[in-house]
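Single-structure report; data block below.
The values are calculated or read from the model by the stated rules, or taken from the named source; none is laboratory data. Since we're looking at a predicted model, the values are computed, not measured. A quick note on method: Cβ atoms are made from the backbone with ideal geometry, for glycine too, and the neighbour counts reach across all protein chains shown.
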Amino acid sequence: MYKEASSDLIELKNSLSDTAFELTSIKYALDEAAIVAITDIKGTITYVNKKFCEISKYSSDELIGQNHRIINSGYHPKEFFQQMYRTIGKGNVWRGQIRNKAKDGTLYWVDTTIVPLKDRAGKPTKYLAIRFDISEQKKTEEILNQTLTKLENSNKELEQFAYIASHDLREPLRMVTSYAQLIARRYREKLDDEAEVFIKYLVDGTNRMQMLIDGLLLYSRTTSKKNTLKQTDLNVVLQEVLDDLKISIEEKHAEIKQGTLPNILADPIQIRQLFQNLISNAIKYNKSQTPIVEISSQESLTDWCFSVKDNGIGIEQDQFDRIFKIFQRLHRQEEFPGTGIGLAVCKKIIERHEGRIWIESYPGKGSVFYFTIPKK
């Protein structure tokens, strides 16, 4: 009997020793990776590990007996900490990011989790705070935010410049066109055939320049502020677009097939421009057969995916990226007139709606333009 008890005691002792060793190993691993502190129910610091001392520049003797106001940077409002204490006071875990101040005045950021340690009745008796230094991450975020702000300001300035330049160029071009046409009318009988050809080139050139300016103006003004987004019935928008394109559709004997489209949160003016550009291109870039254009949509958990399919001339795969860049044209003006701005505008509209646009196409077999708009 004595031997059995002795054997059980030895086994229990070994088990306790193994548990103690395991706990020591866990503590070592935690101390190596994290900044750890324990406070009592009043918030007084009762334990700090080595990493806490390293980042705060205080010794453990300077920290123990104090509360965390010793490292308060003044960055967060009182309400921030009041909410934190309310959470852990109720026995709940609190998580957040805190900017603290070290003894030498250095500011640092920590990702913090505070876990209430409770008695058998479920009442918190002390708090265990585990922190990780995220100062470098915060610096990177700050640099990124500054860069984004500069980029936004630069884009605004660029848009404003494009608008002003386009607006100011209109009048001189209009004057050149008017006087060229006036010369052609007034001196028609005095001009030889070569002079008439020159004037025609002059008028055609200024008209094309006017188209480019109008396109540039449209591109620079393509924005999608949040306050311009509203519930939009795309069936109504599409019908308006088809009404606007009625003459082109009838001239080319185009066949338009459309499925039922959803009601989404969008900028109706820009979405109308988007559909108009894609459908008019589908009708225009078709050489030998009756244009057939199919518009459809498909819903997923996160967004709506739309497609505009045609049976036109198609596009080579190595040109897929190029077509969405401003002023990039794949065909001569005499072959297919245009400015090379339409698809760039489509891309910008979709980006403003936080979606994406892409193409699938095979030369001679047609193209399918896809674009997504996230559900808001």
For segment 104-126, how many residues meet the condition of being surrounded by 12 or more Cβ atoms within 10 Å (Cβ to Cβ), out of contact with any Asp or Glu (no Cβ under 8 Å at 6 or more places or on another chain) and within 23 Å of Asp61 (Cα to Cα)?
4
May I ask you to verify whether Ile213 is among the β-branched types (Val, Ile, Thr), at pLDDT below 85 and surrounded by 14 or more Cβ atoms within 10 Å (Cβ to Cβ)?
yes
In segment 53-69, the residues that are in contact with a Leu (Cβ under 9 Å, 6 or more places away or on another chain) and touching a residue at least 24 places away in the same chain (Cβ under 8 Å):
Ser56
Looking only at residues that are over 41 Å from the mean Cα position of the chain (by Cα) and closer than 21 Å to Leu117 by Cβ in segment 51-86, which one is surrounded by the most Cβ atoms within 10 Å (Cβ to Cβ)?
Leu63
Given the criterion of a type outside the set (Gly, Ala, Ser), modelled with pLDDT of 75 or more and not assigned by TED's automatic domain parsing to the domain that holds Pro268, identify the matching residue among Asp193, Asp233, Asp244, Asp204.
Asp193
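So how many residues does segment 243-260 have that are in a helix (DSSP H, G or I) and surrounded by fewer than 17 Cβ atoms within 10 Å (Cβ to Cβ)? I'd like the intermediate steps shown before the answer.
From segment 243-260, those in a helix (DSSP H, G or I) are 243-244, 246-251; that's our starting set.
With the extra rule that they be surrounded by fewer than 17 Cβ atoms within 10 Å (Cβ to Cβ), the set shrinks to 243-244, 246-248, 250-251.
Total meeting the criteria: 7.
Please enumerate the residues belonging to segment 261-299 that are in a loop (DSSP other than H, G, I, E, B) and either modelled with pLDDT under 90 or out of contact with any strand residue (DSSP E or B) (no Cβ under 9 Å at 6 or more places or on another chain) (or both).
Result: Asp267, Tyr285, Asn286, Lys287, Ser288, Gln289, Thr290, Pro291.
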